[in-house]
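Every read-out reported here was derived from the displayed coordinates using simple, explicitly stated rules and does not represent laboratory data. Keep in mind the model is a prediction, meaning the values are calculated, not measured. Here the Cβ positions follow ideal geometry from the backbone for every residue, glycine too, while neighbour counts run over all protein chains shown.
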């Protein structure tokens, strides 16, 4: 039984819709599903008298693919997923396709040089420190959704990403040709709206960095495809810190070699930051920005032209080429040092 939402655990739900099914003798499938809408998070899910073990038995003994897994449309979908995985992983990364069936997707990645790509079925042990975990058309089948998703998260490395594809129930009612029971058949116990899937991974501090939505001809439906990464804002913060530190240190080393009096041309942010790191013997600054007309920096004047023969130092991100052209056009003979 799933008395509470499998995503947020709320008991508040709308549950006035039931669907009955005939079940082949001996199969561990429910004869009736209560279709529930969580009034807290928006998850749509089945409640019935089954457990995850029953579904595991069904998939192990009875789940068939009816040849569709190697249809042209499905192989096109799998190839798109492989290409997306390749964009989000290095060739030395550990890649796991969770619930990947016959392993076509990981075989494709192996062919492309991703030699640590493997398929792991639901219920099998997951390796540790996975760099990219793929779960395509799988989460909708998981009765014990949250415990299994937690295991997926715990298997990831610190830089690990999730590539998820699910049927999107947002578009199902509007598809042509019309599907009589939409996506509400026996095997799909979870029915995701895209924002609900995003909310699920946000609870684990994973944020979406890629999204795609489109038709899935091989499944006669519509899919939502997304890539999630842990704590993207903090990762960007730390990455930015590292890059700025490394690039500034490189310039500091070059500036420390300057010992004679100089003219500093260009008073942009990079220059004004660098001069807090290395104190140069600045005779005066040059900048043609009207904002600097009559200004001083630390008591040293900012001029709009070069009036002496000291070396010119350029410390600029985007304006260096323009300053060099200006020096050439003016015919100045000062030595030039570009930092």
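Using only Cα positions of the chain, each an equal point scatterer, no hydration layer, compute I(q)/I(0) via Debye at q = 0.07, 0.11, 0.13 Å⁻¹ and quote the log10 values to two decimals. At q = 0.07, 0.11, 0.13 Å⁻¹ the computed log10 ratios are -0.49, -0.76, -0.94. Sorting the segments 277-286, 248-257 by their residues' average number of neighbouring beta-carbon atoms within 10 angstrom, most packed first, yields 277-286, 248-257. By DSSP, the beta bridges lying fully in the chain are antiparallel in about 55 percent of cases. Here the range 77-191 carries DSSP beta bridges of which approximately 0% are antiparallel, counting only pairs with both residues inside. Normalised by residue number, the volume inside the convex hull of the Cα atoms of the range 257-338 is 92 Å³ per residue. Each helix, a run of at least 4 DSSP H residues, gives -39500 (n - 2.57); summed and divided by the residues of the chain, these come to -9000 deg cm²/dmol at 222 nm. Working from the Cα coordinates of the range 138-287, the gyration tensor eigenvalues give, after taking √(5λ), semi-axes of 55, 18, 10 Å in decreasing order. Extension gain, residue 250 to residue 211: 0.36 nm times the residue separation minus the Cα-Cα distance gives 10.3 nm. In this calculation the C-beta distance from residue 154 to residue 257 is compared with R0 = 51 Å, giving a FRET efficiency of 0.50. For the range 96-217, a Kirkwood radius taken over Cα pairs fed into Stokes-Einstein (20 °C, viscosity 1.002 mPa s) yields D = 137 µm²/s. Between 0 and 90 degrees, rounded to the nearest ten: what's the tilt of helix 232-255 against the longest Cα principal axis of the chain? Compared with the principal axis, the helix lies near 20 degrees. For residue 107 and residue 83, a Förster radius of 22 Å and the Cβ-Cβ distance give a FRET efficiency of 0.95, rounded to the nearest 0.05. With Rh defined as the Kirkwood radius, the inverse of the mean 1/r over Cα pairs, the Rg/Rh of the range 24-169 is 0.99. Just so you know, the averaged projected area of the alpha carbon convex hull for the range 136-187 sits at 4.6 nm². The alpha-carbon atoms of the range 197-250 define a convex hull whose volume equals 89 cubic angstrom per residue. The modelled label-to-label distance for the pair residue 76/residue 19, using points 7 Å beyond Cα in the direction of Cβ, is 2.6 nm.
If R0 is 51 Å, the Cβ-Cβ spacing of residue 234 and residue 181 corresponds to a FRET efficiency of close to 0.70.
If I fit a long axis through the Cα atoms of helix 72-87 and take the longest principal axis of the Cα atoms of the chain, what angle between them do I get, 0 to 90°, rounded to 10? Compared with the principal axis, the helix lies near 40 degrees.
Extending 7 Å from Cα along the Cβ direction at residue 295 and again at residue 53 yields two label points whose distance is 7.4 nm.
With Cα atoms defining each centre, the range 42-115 and the range 264-339 are spaced 59 Å apart in the structure. With the convex hull drawn around the C-alpha atoms of the range 6-102, the volume per residue stands at 176 Å³. Applying 0.36 nm per residue to the separation of residue 195 and residue 317 and subtracting their alpha-carbon distance, the gain on full extension is 39.9 nm. Each of 243, 300, 166 has some number of other Cβ atoms within 10 Å of its Cβ, and from fewest to most they run 243, 300, 166.
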